[in-house]
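These notes concern the structure reproduced below.
Laboratory data are not the source of any read-out in this text; all were calculated from the coordinates shown. For clarity, every value in this text was computed on a predicted model and none was experimentally measured. Because the Cβ atoms are built from the backbone with ideal geometry, glycine has one as well, and the counts that use them run over all protein chains shown.
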Amino acid sequence: MAASTTAIAAVQAAYGLRPVTPDDWPEPPAVDPRPGPQDLDDDDIGNGWSEQALFRMIA
């Protein structure tokens with residue numbers, strides 16, 4: 001773990017990145033949860049494909 005922390009610090013120093021964000025930066029917006037295959041329909045949408053099957057193929 002210490003080696004990865006050292007590596008991250010080295011990259012931040014090399015590129016002039018700040019390890020800590022400034023206090024006056026706004027909080028990022030909340031991220032909407034991504035749908036999973038359980039949220040998709042299992043009905044055939046054409047040629048034997050379902051939304052769940054397409055999700056598994058793409059994801």
Handout entry: Filter pass, Asp42 being assigned to a loop (DSSP other than H, G, I, E, B), in contact with a helix residue (DSSP H, G or I) (Cβ under 8 Å, 6 or more places away or on another chain), charged (D, E, K, R) and free of Cβ contacts under 8 Å to residues at least 40 places away in the same chain
Key = yes
Problem - Among the residues listed as Asp39, Asp43, Asp23, Asp32, the single one being surrounded by 10 or more Cβ atoms within 10 Å (Cβ to Cβ) and not aromatic (Phe, Trp, Tyr) - result: Asp39
